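Chemist: There's a structure below that I have some questions on.
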Amino acid sequence: MKPITMITNTAIPLMKDNIDTDQIIPKQFLKNILKTGYGKNLFYDWRYLDGGKPNSKFILNQSEYQGASILITGDNFGCGSSREHAVWALKDFGFEVVIAGSYSDIFYMNSTKNGLLAISLPRKQREILANISADEKITVDLPNQEVSYKNYKFNFEIDPLWKHKFVNGLDDIAITMGYDKEISQYEKQMPNFN
């Protein structure tokens, strides 16, 4: 995973509650076993009209929001089925951070394992961030656990283990490989059954 310490970028406000994983990436796009190629179908039913024509009224299609890497949204984000593809779609589109009121447990765990920083903030703080203009930037400072915009500073909680993983760009495999010496020593002690 790519380390995350400080992210400063524009944001896309999508202040809806209970956005489920089928809205994030509909089931008909789950055929790919790779983690790439999902971004073009992110929020498909909202982004596209019949026949696949982009819906110009949907925020992800509006030119002033292109390149944003922070999504600001409602409560209970990522509810519904446990599909890891939802996180893959958000990452493939370019999101590095999601700021919501709360998350489904499975979506949150999928986020942590795939390098998508999922932050919880109260609604009033998210509304301040959601109402800034499209060209203004928000800073997410993970080491100090702070989201800032102009004179606003909002602190967030994160489990120390997940924070360590994000800051150091570690996934579960990288953490396991950090014990390579211990694993090798243990294997040398094991009887050889060949």
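Chemist: Residue check, Ser82 against (1) under 25 Å from Val140 (Cα atoms); (2) touching a residue at least 60 places away in the same chain (Cβ under 8 Å); (3) outside any helix (DSSP H, G or I), all met but one. Which one?
Modeler: Ser82 satisfies all of (1) under 25 Å from Val140 (Cα atoms); (2) touching a residue at least 60 places away in the same chain (Cβ under 8 Å); (3) outside any helix (DSSP H, G or I) except (1).
Chemist: Restricting to segment 1-41, name every residue that is aliphatic (A, V, I, L, M) and surrounded by 13 or more Cβ atoms within 10 Å (Cβ to Cβ). Walk me through how you get there before you give the answer.
Modeler: From segment 1-41, those aliphatic (A, V, I, L, M) are 1, 4, 6-7, 11-12, 14-15, 19, 24-25, 30, 33-34; that's our starting set.
Met1, Ile4, Ile7, Ala11, Ile12, Leu14, Met15, Ile19, Ile24, Ile25, Leu30, listed by residue number.
Chemist: Of the numbered conditions (1) under 17 Å from the mean Cα position of the chain (by Cα); (2) over 30 Å from Ser63 (Cβ atoms), Phe107 satisfies every one except a single condition; which is it?
Modeler: It is condition (2) that Phe107 fails.
Chemist: For Ser81, all conditions in the list (1) of a type outside the set (Asp, Glu); (2) within 22 Å of Met109 (Cβ to Cβ); (3) in contact with a Phe, Trp or Tyr (Cβ under 8 Å, 6 or more places away or on another chain) hold save one; what is the number of the exception?
Modeler: With respect to (1) of a type outside the set (Asp, Glu); (2) within 22 Å of Met109 (Cβ to Cβ); (3) in contact with a Phe, Trp or Tyr (Cβ under 8 Å, 6 or more places away or on another chain), Ser81 is out only on (3).
Chemist: I've got another one for you. Give me the pairs, please: first residue somewhere in segment 38-64 and within 23 Å of Trp88 (Cα to Cα), second residue anywhere and aromatic (Phe, Trp, Tyr) and at pLDDT below 95, beta-carbon distance under 6 Å, and either six or more positions apart or on two chains.
Modeler: Taking only residues 6 or more apart or on different chains, the pairs are Asn41/Phe29.
Chemist: Name, by its number, the condition in (1) over 20 Å from Ser69 (Cα atoms); (2) within 16 Å of the chain's Cα centre (by Cα); (3) outside any helix (DSSP H, G or I) that does not hold for Phe95.
Modeler: Among (1) over 20 Å from Ser69 (Cα atoms); (2) within 16 Å of the chain's Cα centre (by Cα); (3) outside any helix (DSSP H, G or I), Phe95 violates only (1).
Chemist: Without any contact (Cβ under 8 Å) to a residue 24 or more places away in the chain and in a loop (DSSP other than H, G, I, E, B), is that true of Lys2?
Modeler: Details: without any contact (Cβ under 8 Å) to a residue 24 or more places away in the chain: no; in a loop (DSSP other than H, G, I, E, B): yes.
No: the conditions fail for Lys2.
Chemist: Follow-up question, since we're still on this one. Could you tell me whether Pro26 is touching a strand residue (DSSP E or B) at 6+ places or on another chain (Cβ under 8 Å) and at negative phi?
Modeler: No; evaluated as a whole, the condition is false for this residue.
Chemist: Name the pairs whose Cβ atoms lie under 8 Å apart, with the first residue in segment 20-35 and of a type in the set (A, V, I, L, M), the second surrounded by fewer than 16 Cβ atoms within 10 Å (Cβ to Cβ) and outside any helix (DSSP H, G or I), and 6 or more positions between them or separate chains?
Modeler: Correct list of pairs: empty, since none qualify.
The values are calculated or read from the model by the stated rules, or taken from the named source; none is laboratory data. Fair warning: this is a prediction, and the values are worked out from it, not measured in the lab. We place every Cβ from the backbone using ideal geometry, glycine too, and count neighbours over all the protein chains shown.
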